[in-house]
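A short reminder: the numbers here are calculations on the coordinates, not readings from a lab. Being a predicted model, the structure only gives us computed values, none of them experimental. Glycine gets a Cβ as well: all are built from the backbone with ideal geometry, and neighbour counts include every protein chain shown.
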Amino acid sequence: MKKTASELAAAISAKVDGDGAFELRAVASPERAGDILSAAAAVLRPGGVIVGTCIDPYQTDDDVHLAYHERNRGLDRMAGQVTIRVRYRRLATGWFDLLWLSLAELGELAGPAGWQIAEVLPGPVFGAVLARA
């Protein structure tokens, strides 16, 4: 179900902590990135930032992962876009998208929404801080 920017802002405001930090992994797909990042900007206080970690999907030589990347590209999806659900015993969430990005891809999605990468903790699982451009 698509949501309006104000609905996204309301949902996101529940995830914003008192210091104005927002969880990076909420960017679930490239199509939703702009709306989600814009909504985050609407609810963060001046100087608020987006903070999070991300798995760089390209930092692998695992044949299963590389085949998944190729399958995604064939479906016009980003290599690191995954659809998952969480299971515990007899309980399961609904299916949802996660978007694992390289640092360059993060910058490409963040820029048009008015964000820039301000700080990075490099690695195959990297940390990033996005600040308003």
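At 7 Å along the Cα-to-beta-carbon direction for both ARG45 and HIS65, put a label point, then send me their distance in nm to one decimal.
3.8
By how many nm would the segment from VAL86 to ALA118 grow when fully extended, if each residue of separation counts as 0.36 nm and the alpha-carbon distance is taken off?
Details: separation 32, 0.36 × 32 = 11.52 nm, distance 3.16 nm.
Extra length available between VAL86 and ALA118 comes to 8.4 nm.
What shape does the stretch 34-108 take by its C-alpha gyration tensor, where a ≥ b ≥ c are the square roots of the eigenvalues and a/c under 1.5 counts as rounded, a/b above b/c as prolate, and the rest as oblate? Walk me through the intermediate numbers first.
Details: a/c = 2.18, a/b = 1.34, b/c = 1.62.
In terms of gyration-tensor shape, oblate.
What's the exposure ranking of TRP100, TRP95, going from fewest to most Cβ atoms within 10 Å? Before the final figure, lay out the partial values.
Numbers: TRP100 18, TRP95 9.
Arranged by neighbour count, lowest to highest, TRP100, TRP95 become TRP95, TRP100.
By count of other Cβ within 10 Å, fewest leading, how are ARG89, ARG45 ordered?
Working: ARG89 5, ARG45 9.
Lowest count first: ARG89, ARG45.
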